[in-house]
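One structure below.
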Amino acid sequence: MLSAHTWHHDPDWGLCLYGRRNVADRPWQDVDQLFSRIQAWFQNAADGWPADPPDLDVERYFPQVDMFVTYSDITEFLHRPVSAAVRRENWLHIDRVGSLPSNKRFGRRGTRRRRRWGWVGDIGELDKPVHSWSSVRALLGPHATGVEKRIRAGAYEFLALRYQRQGHQGVLVLFLAVQHSEIQLHAASSAADDDDTRRMRAGNPRTVRALRRSTVAIVGVGAVGSFLADLLARAGIGSLHLVDDDVLRPGNCIRHLAGYGHIGSPKTTAVQEVITNSKLMTAGRARQTTKKLDPALAAELLEQSDVVVDATADDNVRGLLVHLHDVARANNIPSSVVTVAVHRSGGVIRSDRWPRHDQQAPSPIPAHPDGELELRESGCGDPVSTTPAAAVMEAAGLASRHVIDLLTGDLALPDSIVQVRIPQPDVPYQAVGTVT
């Protein structure tokens, strides 16, 4: 007989025999394999699932409700009534301590409200899943009676319960209803909304720690520079300094991080707002300078940044930064420069860095032998590049790899990287791949 107190079952207590990642060959089609799997399930259940991974998915043992709940630091709300802001119809964010006034009850279901009320608790290390009010109540300890009283009085609409599995922390959010004196529970999806949670997806922890201490200046936050800023922010860079004197035009939106709502804004402002609105970093960590690069500004950037990136594709800017880098190094002032550019309408992309560790001087990429299509836009002095957005994003990705390789001190990449996206008519760019 199936016990109601074990992992790996569905809400209706059916056996969960296969995970999503191990069913490609449909093993249940073989009767012997299926019965062997069932036998192993019962043995694992009897043993307490000794080799079980600490999946933080306790909500799957309850009926589901279409609601998503986020929180920043759940610890500050432990064992306290809380108030959650309604961000969207099905998205709540727990953001303050506070309870529903004692003389009020929740409005009728479907009534539009700006806030909802609940209680945050801790149910400790789980050795079996909770699946009902009685199983939850048993883990609330001295808070159980008071919490149940408030639920029955209509003061709490949800519970947010911190728990642990094998040392890993999760939060179970349960929406409440009282029907025929029974407390009914429905689970919502929930997630932490904090820097640590985002950094888990930023890459190797060692790399992220190195980047958090670093400052990168990006000169030119047009097409390539805007996406580079976004990638570095997502990688966990400590701070960015965005430098550009241009504004965003309607045509720029085709291959720029910022969208139509930023037209007319300085490109630096547009990129800063996109990054900060996505909570990749605060505005104070994403500085901006809306002036054209000159020797004084270039020297300041090299002195104050761990890496300065030239994403302008302007030979004058590149030459100035590389020259001042050499001067700084000659005076024992550490500085690093990365330059990135898209060539031949997106057919070739290139990234270079200084100081150079392989001691090879980069050779320039010649213009396309057959010339390039030239388009003009009103009010724009330079020709409009026909480079597609995909090439821009690939160039930003290449430059981000170069920058991160420098900041971590790995130096696993060559100083110059040339990648051919589209076969060219001349050697050595005739085949797709990396030119060595």
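The values are calculated or read from the model by the stated rules, or taken from the named source; none is laboratory data. Worth saying up front: this structure is predicted, and the values here are computed from it rather than measured. Note that we place each Cβ from the backbone using ideal geometry, even for glycine, and neighbour counts take in every protein chain shown. All accessible areas refer to the heavy atoms of the entire protein, side chains included, with ligands and DNA or RNA removed. Shrake-Rupley method; radii C 1.70, N 1.55, O 1.52, S 1.80 Å.
Using the per-residue mean of other Cβ atoms lying within 10 Å as a proxy for protection, in what order, highest first, do the peptides 312-323, 267-278, 419-430 fall?
267-278, 312-323, 419-430
Using +1 at the C-beta of Lys and Arg and -1 at the C-beta of Asp and Glu, which of 343, 200, 308 has the Cα lying farthest in the positive direction of the dipole of the chain?
Ranked along the dipole, the leading option is 200.
Quick check on the chain: helices-only [θ] at 222 nm, where DSSP H runs of length 4 and up contribute -39,500 (n - 2.57) each and the sum goes over total residues. Nearest 500, please.
Here the helix-only value at 222 nm equals -8000 deg cm²/dmol.
Quick check: at a probe of 1.4 Å, how many percent of the accessible area of the chain sits on carbon and sulfur atoms?
50 percent
Using only the alpha-carbon atoms, how far is helix 315-330 inclined from the longest principal axis of the chain? Give it as 0 to 90 degrees, nearest 10.
Approximately 80 degrees, to the nearest 10.
Assigning unit charges at the beta carbon (Lys, Arg +1; Asp, Glu -1) and nothing else, what dipole magnitude in debye, to the nearest 20, does the chain show about its Cα centre?
So the magnitude is around 2000 debye.
Cut-off 12 Å, label point 7 angstrom out along Cα-to-Cβ of residue 90: give me the residues of the range 46-66 whose amide nitrogen falls inside.
Of the residues in the range 46-66, 64-66 have backbone N under 12 Å from the label point off residue 90.
DSSP beta bridges in the range 200-350, what fraction antiparallel, as a percent rounded to 5?
The antiparallel fraction comes to roughly 20 percent.
Rounded to the nearest angstrom and ordered from largest down, what semi-axes does the equivalent ellipsoid of the range 1-87 get from its C-alpha gyration tensor (root of 5λ)?
Gyration-tensor ellipsoid for the range 1-87: 35, 16, 12 Å.
Calculate the length of the line joining the C-alpha centroid of the range 65-84 to that of the range 276-303, in whole Å.
A separation of 36 Å, based on Cα centres.
Would you mind getting me the FRET efficiency between residue 75 and residue 370? Use the beta-carbon distance for r and R0 = 60 Å, nearest 0.05.
My answer for the efficiency is 0.40.
Counting DSSP beta bridges in the chain, what percent are antiparallel, to the nearest 5?
About 60 percent, rounded to the nearest 5.
If you take the charge dipole of the chain about its Cα centre, with +1 on Lys and Arg Cβ and -1 on Asp and Glu Cβ, which of 185, 359, 236 is farthest toward its positive end?
185
Could you check the simple spin-label distance between residue 64 and residue 149, using points 7 Å along Cα→Cβ, in nm with one decimal?
According to this spin-label approximation, the distance is 3.7 nm.
Can you run phi through the Karplus equation (6.51, -1.76, 1.60; θ = phi - 60°) for the range 222-229 and list ³J(HN,Hα) in whole Hz, with x for Gly and Pro?
Those phi angles translate into x, 4, 5, x, 5, 6, 5, 4 Hz.
Find the all-direction average of the projected area of the Cα convex hull for the range 152-302, expressing the result in square nanometres with one decimal place.
Orientation-averaged projected area of the Cα hull: 13.6 nm².
Excluding ligands, DNA and RNA, what is the solvent-accessible area per residue of the chain at a probe of 1.4 Å, expressed in Å²?
I get 53 Å² per residue for this part.
Relative to the present Cα-Cα distance, how much length would full extension add between residue 209 and residue 44 at 0.36 nm per residue of separation?
55.5 nm
Net charge within 10 Å of residue 97 by Cβ-Cβ distance, Lys/Arg positive one each and Asp/Glu negative one each, not counting residue 97 itself?
0
Pop a pseudo-label 7 angstrom from the Cα along the beta-carbon direction at both residue 412 and residue 253 and give the gap in nm to one decimal.
4.0 nm
Extending each Cα 7 Å along its Cβ direction at residue 181 and residue 139, get the distance between those two points in nm, one decimal.
Inter-label distance under the simple model: 2.7 nm.
Using the Cα atoms of the chain to build a convex hull, what is its mean projected area in square nanometres?
29.8 nm²
Please report the spacing between the Cα centers of the range 308-354 and the range 238-256 in Å, no decimals.
Their Cα centres are 18 Å away from one another.
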